[in-house]
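To start, the structure itself, in structure tokens.
The values are calculated or read from the model by the stated rules, or taken from the named source; none is laboratory data. Everything quoted here is computed from the prediction, not taken from an experiment. Heads up, the Cβs are rebuilt from the backbone with ideal geometry, glycines too, and the neighbour counts pull from every protein chain shown.
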């Protein structure tokens, strides 16, 4: 029995240790050059250093590739530098936004904010006074109202596009897409022109709900459509083959099978509208007092709370209050988003 | 014989075989079709009611509502409206200006990011990056606006000064007074950051649909990544990426809150993008709405109608482009 030695797998195309060392030292060199550029030219600050560093790093790697291989490889390295740079630039705002909100927002968070409204306090009072109970309640009521209006419409639209597939499916798909591009302020103006000015003459939570649902319907319809398309056609055929009518197939087989997908659609719809500000400012009035009745009287909301603290305040306390509200809003959005990810990722698609 | 006859008597008549839908299906199909029409109805109603409100102003101003740059309401001694002129010109220029800055800055970054996500990133890092970008697309515009005002303003001002210093001889980078804060340039940067996740997501989807056989054929012929992307991915995805850029343009044109917070909204024609004044149609509506009288509200409705039609057109073009070029691979 001869012991055959299995050769260790090698990757001759991979980078060797020496090459990696060379690249690392080149990147250090680029750092030094960037530092020199900061000292000698008009550039300054962290941003200036980053820009100079990127310039020199891509330059030295370009030269290295040109020397080791050829011009094509050098140009290729340039593309990868630029792609990496673009990705970094895309990520900087996300990191910066989240860290800003967390760092500035935690000062505005206190336990009393969930039990008080702003009737007894102004935005410039110390942060401990007042709270955003009214805003949370208002947001929940308005988003809930928008959901009651939007979910049936969104689901029916998605069912029309996936189950009926009528001759109008293409134009309707187009219109849903177009509707998702309606600017939020136009949604507010529309509710003003069709309901508030001619009929109710009053700004209240219901109007806010209706304006928000115009923005919510396309999100729900498109996500629900995608989710229904993921249901294998065999399930529909099985339902019909057992003698079920289309109505029974859809209600008994397709929709239950797509349940978690539809919940995802609802969650994404909520995440889309929960921070909408412009229509809320136009139609829901915006109140500092707790109001449980969407039919009468102005209603507060989280975006309005933040908006008011930011624009009418101007003191440290007002900013802390606004950032605190923003932190709550961001946490809500992140939780909703994570929930949607979890639900849609759980299914083996 | 009798047995057989008896049997046949017991067998019920065969169910009528028909393709005609049952009553329940007829109702179901009718309800779903009506529900499906809602988007058409809502879009129609938006156009109709904004026109109904805005028509009185549009009838007076006619075409000058778009071309003229004057938005004035003169009141007499008793506080009644004596004379009013409504022209959207300056704000339309501002809308296009900030949206174009957003597209010029944002789209190259977004497309390169999409290339990175499709052809460079691997495994869990790729998944994480995609989730982060999708999350960013869900951030409210309020958040972008305040972040832009508090955090971005400082560094953007620095870059604006740099641009002005070295490129000031180009008219649009000139400034009448050294005020660099709250300029259309900074608003454009905030809008660029807002549209990057949207354009990245669409471009990534388009790039993902590049036929794999062609990608592999290019590699087999010895192409580097750059050569492959230039020969296969770009020609294949060009139209879809342009569509994604148009979608971003539409989003940037209709943005209200972020522009309102970052930009110093003043009603004036401002071509000089680094100078701190300007506005867009949406922010004008928000600014003027609070103290507008009935006639001015009608004018704002007309402005909303213009904005609606503008974004609708841009969105329609982008949708056509994305569907035309993005569906081949499926």
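Some notes on this structure:
- Search result, residues across the stretch A:218-248 that are touching a residue at least 12 places away in the same chain (Cβ under 8 Å), under 14 Å from residue A:160 (Cα atoms) and crowded, with 18+ Cβ neighbours inside 10 Å: A:218, A:220, A:221, A:222, A:223, A:224, A:225, A:227, A:228, A:246
- Test for residue B:299: is it facing chain A (nearest Cβ under 9 Å), buried (at least 19 other Cβ atoms within 10 Å of the Cβ) and either out of contact with any helix residue (DSSP H, G or I) (no Cβ under 9 Å at 6 or more places or on another chain) or closer than 23 Å to residue B:68 by Cα (or both): no
- Among residues of the stretch A:204-228, those that are touching a helix residue (DSSP H, G or I) at 6+ places or on another chain (Cβ under 6 Å) and either over 20 Å from residue B:38 (Cβ atoms) or modelled with pLDDT under 90 (or both), counted: 1
- Of the residues making up the stretch B:107-135, those that are facing another protein chain (nearest Cβ under 9 Å), in a helix (DSSP H, G or I) and surrounded by fewer than 23 Cβ atoms within 10 Å (Cβ to Cβ) are B:108, B:109, B:112, B:119, B:120, B:129, B:131, B:132, B:134, B:135.
- Any chance residue A:56 is surrounded by 15 or more Cβ atoms within 10 Å (Cβ to Cβ), within 13 Å of chain B (Cβ to nearest Cβ) and closer than 26 Å to residue B:227 by Cβ: no
- Matching helices (runs of 4 or more DSSP H) fully within the stretch B:15-67 where at least 3 residues are touching a helix residue (DSSP H, G or I) at 6+ places or on another chain (Cβ under 7 Å), facing chain A (nearest Cβ under 9 Å) and closer than 30 Å to residue A:152 by Cα: B:23-36, B:38-61
- Evaluating residue B:147 against the criteria (1) at pLDDT below 90; (2) within 19 Å of residue B:186 (Cβ to Cβ) leaves one unmet condition, (1).
- Condition met for residue B:284 (at pLDDT 80 or above, in a helix (DSSP H, G or I) and surrounded by 24 or more Cβ atoms within 10 Å (Cβ to Cβ)): yes
- Any chance residue A:113 is assigned to a helix (DSSP H, G or I), buried (at least 16 other Cβ atoms within 10 Å of the Cβ) and not assigned by TED's automatic domain parsing to the domain that holds residue A:250: yes
- Residue check, residue B:239 within 13 Å of another protein chain (Cβ to nearest Cβ) and either in a helix (DSSP H, G or I) or closer than 30 Å to residue B:117 by Cα (or both): no
- Any chance residue A:18 is in a helix (DSSP H, G or I) and within 14 Å of another protein chain (Cβ to nearest Cβ): no
- Of residues in the stretch A:155-209 being assigned to a loop (DSSP other than H, G, I, E, B) and within 9 Å of another protein chain (Cβ to nearest Cβ), the one farthest from the chain's Cα centre (by Cα): A:166
- Given (1) buried (at least 21 other Cβ atoms within 10 Å of the Cβ); (2) more than 10 Å from every other protein chain (Cβ to nearest Cβ), index of the condition residue B:76 fails: (1)
One line per residue, one yes/no per condition, for (1) at pLDDT below 90; (2) surrounded by fewer than 22 Cβ atoms within 10 Å (Cβ to Cβ); (3) under 15 Å from residue B:142 (Cβ atoms):
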residue: A:289; (1), (2), (3): yes, yes, no
residue: A:292; (1), (2), (3): yes, yes, no
residue: A:303; (1), (2), (3): no, no, yes
residue: A:310; (1), (2), (3): yes, no, yes
residue: A:323; (1), (2), (3): no, no, yes
residue: A:335; (1), (2), (3): no, yes, no
residue: A:340; (1), (2), (3): yes, no, no
residue: A:343; (1), (2), (3): yes, yes, no
residue: A:347; (1), (2), (3): yes, yes, no
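- The residues listed here are B:187, B:218; of these, the one that is in contact with a strand residue (DSSP E or B) (Cβ under 9 Å, 6 or more places away or on another chain) and either closer than 28 Å to residue B:134 by Cβ or within 14 Å of chain A (Cβ to nearest Cβ) (or both) is B:187.
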